[in-house]
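Input: a single structure, listed below in structure tokens.
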Amino acid sequence: MQELSDKLKAPLTDLLLSIADDKLMLGHGASDWTGLAPILEEDIAFSAISQEEIAHAAALYEVVGTMHGRSADAVAFGREPSAYRCAELTSLGDDFDWSRAIVRQLFCDHFDLLRFERLARSLLKSVAALSKRIGAEEATHVEHADVWLIRLGRGGDESKTRAQAALNALSGAAAMLFEPTDGVDVLEREGIYPAGEGSLFDRWQEDVGRVVAEAGLTLEVVPSPADAVGGRRGRHGESFTGLLDEMCEVYRVEPEAAW
Amino acid sequence: MSAGVTSSEELRIDWKIQEDPDRMAAFQAHIDAKGLVEADDWMPHNYRVGMLRMAEHHANSEIVGALPEGEWITRAPSLRRKLALVAKVQDEVGHGQMLYRTSQDLGKSRDQMLRDLVTGKTRYHNVFNYPAPTWADVAMIQWLVDGAAILNQKSLAEGSYGPYVRTMKRINMEEAFHFKSGEDMVLTLMSGTKRQRQMAQEAFDRWWGPCLMFFGPPDRESTKTGPFMTWRIKTATNDTLREAYVDRFAPAARALGLNIHLARKNPDGLIAVKADGTPDKIEDPLIRLDESTGHWGFTQPDWDEFYRVIGGDGPCNKQRVALRRFSYEQGRWVRQAVMGCAGLPPSRN
Ligand SMILES: [Fe+2]
Ligand SMILES: [Fe+2]
């Protein structure tokens, strides 16, 4: 990787972790459906998505690990809860309600696609190249989530009611996806995370809103106040710590050992 | 119900059925000449039913077999293992999907098969009624259970029903991959810390017996053989496969530093503990290579346990069926939404 000044290293670490941690948690949640999804064909498709989320996270942990002289596994599993940068939405359980799983995925996939579009234009060549590759796979996740939301919205009364309930239930947490990581403004100025036209929030609302409308559903997401502190700055709720403990259960038995 | 749809009532073995003798003779000659039977070919009623039963049982086993390992996906101890485990369980679901398709073509709808599974009308492989209490069990399942499945499925790939045979070949390629990764996991544990080695040995103790039972009861007690061997629905006897398994795995386990024990189990499938707090197990005194036959000796597993577990009273029977049922019920509204019915699409459109 190109030499990074110390002033940029911490903000970049936070940004990359915010994406990787989101993806690890999201992939983890999606993998819970492996073997239990409503239709076998979809079980296979959703498992593939969960694997891609985890693989994307792994690739980003590798980058962060290299910056800090740690292994990707140590970065993924060996941090204090307050050092994780994921948004709460990614660790919210779905109670095996398929509409919740789909809405969680829809919100996060659209957001990830926008983040990778920006990172693909980064002046850091290696990050840009990786982001192009990940972004291309991300686009297929977006398509998958879009198709499902539309199916559910148009799939009759029960399905529509459930899909709407899931949108309502997750809309509050969606706003906190946009909580900025520390120092992100510096990264924008230096061309490491170049801003695009319009705010991320506006673009996301437009993209997701289009799909929601096509599904015959409604969504209202109220932006969080600028000073709201959440997962991006290490403040996590119980849904996250519970999930992290489960995820690290075996790893912590012998953190130094190979598994 | 429209005409032409076979109701499940008709899908029973019935040896009193008189098939056309000329057709039967031609059918048997085709099979004896190693010919394959295709879905649209004429076949005796009992061949169809026997094949359907086997493919359906196999399909059920794949999707129930996804459960004990699936429980560990969220706790896999490294990124690489986590990815590999999701992919592995995904493969098993894929095997289930392929095998349900094969079964559908033999005359039973997928929804009916899933309903029969979750209501306990049909069964799945007995080995999945045992618990996987630690990460090392995941390693043992992939090594020992997938190893057993490969042996069995290689013999089934020599069978006579074309669609099933082709599915077996495809599945076996993926199973070989699972087996490799299982072997790697066991090797990693056995070359790890004392605690990891102990985890591996304890998991091995739990799975060795169920794996010996994997191939079914001893031939003298097995009722399934007869016509199904002549029709090449089955191609090897239970005891032959079991012997081949021990010949392969007894030396491999010992080479890895694992001891083969006779262990007493609790009803929950865990190794019983003696009054002094140590596990109730001894080394199997018969485990050694018999130079004169070239085969490894072993003590037969506890066949009473086998019949008890297969009869429904195993450590995890209730839990496995309940989880499949939960999944079936949770998914009902989704299937209704996307397909307009709780059922599933026919395999051939
Ligand atoms: Fe399989
Ligand atoms: Fe397998």
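Values as computed for the structure displayed
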{"quantity": "Dipole magnitude of the range B:26-340 about its Cα centre (Cβ charges: Lys, Arg +1; Asp, Glu -1), debye to nearest 20", "calculated": "860"}
{"quantity": "Exercise: per-residue mean of other protein chain Cβ atoms within 10 Å, A:39-51", "calculated": "6"}
{"quantity": "Potential lengthening between residue B:13 and residue B:300 on full extension [0.36 nm per residue; Cα-Cα distance subtracted]", "calculated": "100.2 nm"}
{"quantity": "Candidates B:53, B:195, B:232, ranked by Gaussian network fluctuation over chain B, Cα under 10 Å, top entry", "calculated": "B:195"}
{"quantity": "Selection of GluC sites (Glu not before Pro), the range B:270-306, meeting DSSP coil and at most 11 other Cβ within 10 Å", "calculated": "B:291"}
{"quantity": "Loop-located GluC sites (Glu not before Pro) in the range A:1-85, at most 14 other Cβ atoms within 10 Å (DSSP)", "calculated": "A:3"}
{"quantity": "Among B:211, B:165, B:109 - extreme Cα towards positive end, dipole of the range B:104-214, charges at beta-carbon", "calculated": "B:109"}
{"quantity": "Exposure proxy ranking, count of Cβ atoms within 10 Å, fewest first, for A:86, B:316, A:248, B:211", "calculated": "A:248, B:316, B:211, A:86"}
{"quantity": "Point-charge dipole on Cβ atoms (K/R +1, D/E -1) for the range A:6-253, about Cα centre, debye to 20", "calculated": "680"}
{"quantity": "Within the range B:142-220: Cβ-based charge dipole about Cα centre, in debye rounded to nearest 20 (Lys, Arg +1; Asp, Glu -1)", "calculated": "60"}
{"quantity": "Label-to-label distance, nm, for residues given as residue B:236 and residue B:28 (7 Å Cα→Cβ offset)", "calculated": "2.6"}
{"quantity": "Amide hydrogen neighbours beyond the local backbone of residue A:192, cut-off 5 Å, H modeled", "calculated": "A:123"}
{"quantity": "Neighbour-count ranking [beta-carbon atoms within 10 angstrom, fewest first] of B:15, B:42, A:148", "calculated": "B:15, B:42, A:148"}
{"quantity": "Footprinting exposure proxy for B:189, A:200 (fewest neighbouring C-beta atoms within 10 Å first)", "calculated": "A:200, B:189"}
{"quantity": "Cross-link reach list, aspartates and glutamates versus residue A:7, counting only Cα pairs under 18 Å and skipping chain neighbours closer than eight places", "calculated": "A:182, A:185, A:188, A:190"}
{"quantity": "Straight-distance crosslink candidates among aspartates and glutamates, where the alpha carbon sits under 14 Å from residue A:132 and sequence neighbours closer than 8 are dropped", "calculated": "A:112, A:117"}
{"quantity": "Highest-first arrangement of A:216-224, A:98-106, where packing means the average Cβ count within 10 Å", "calculated": "A:98-106, A:216-224"}
{"quantity": "Average beta-carbon neighbours from other chains, 10 Å sphere, peptide B:132-144", "calculated": "1"}
{"quantity": "Cα gyration tensor category, rounded, prolate or oblate, for the protein assembly as shown with a/c compared to 1.5", "calculated": "oblate"}
{"quantity": "FRET efficiency for residue B:307 and residue B:286, using Cβ-Cβ distance with R0 set to 25 Å, rounded to 0.05", "calculated": "0.65"}
{"quantity": "Among A:81, A:152, A:114 - extreme Cα towards positive end, dipole of chain A, charges at beta-carbon", "calculated": "A:114"}
{"quantity": "Virtual spin-label span in nm between residue B:252 and residue B:198, 7 Å along Cα→Cβ", "calculated": "2.7"}
{"quantity": "Sequence ranges B:248-260, B:16-28, ranked by mean other-Cβ count within 10 angstrom, highest first", "calculated": "B:248-260, B:16-28"}
{"quantity": "DSSP bridge orientation in the range B:26-340 - percent antiparallel, rounded to nearest 5", "calculated": "90"}
{"quantity": "Value of [θ]222 nm, deg cm²/dmol, for the protein assembly as shown, DSSP H segments ≥ 4, -39500 (n - 2.57) each, nearest 500", "calculated": "-19500 deg cm²/dmol"}
{"quantity": "Full-extension gain in nm, residue A:9 to residue A:228, via 0.36 nm per residue minus C-alpha separation", "calculated": "76.4 nm"}
{"quantity": "Förster radius 41 Å - calculated FRET efficiency between residue B:40 and residue B:243, Cβ distance, rounded to 0.05", "calculated": "0.60"}
{"quantity": "Efficiency of FRET between residue B:272 and residue A:220 - r from beta-carbon atoms, R0 45 angstrom, step 0.05", "calculated": "0.15"}
{"quantity": "Those trypsin sites (Lys or Arg not before Pro) in the range A:228-259 that DSSP places in a loop and that have at most 16 other beta carbons within 10 Å", "calculated": "A:235"}
{"quantity": "Compactness relative to 2.2 N^0.38 Å, alpha carbon Rg of the range A:1-70", "calculated": "1.40"}
{"quantity": "Interchain or long-range residues, amide H under 5 Å from residue B:37's placed H", "calculated": "B:161, B:162"}
{"quantity": "Kyte-Doolittle mean at least -1.0, axial Cα span of 27 Å or more - DSSP H helices of chain A", "calculated": "A:6-31, A:40-68, A:98-119, A:125-153, A:157-175"}
{"quantity": "Shielding of B:63-76 by partner chains, average beta-carbon count, 10 Å", "calculated": "4"}
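Read-outs throughout are calculated quantities, based only on the coordinates presented, and are distinct from any laboratory measurement. The structure displayed is predicted, hence computed values, not measured ones. Don't worry about glycine lacking a Cβ; one is built from the backbone with ideal geometry, like all the others, and counts go over all protein chains shown.
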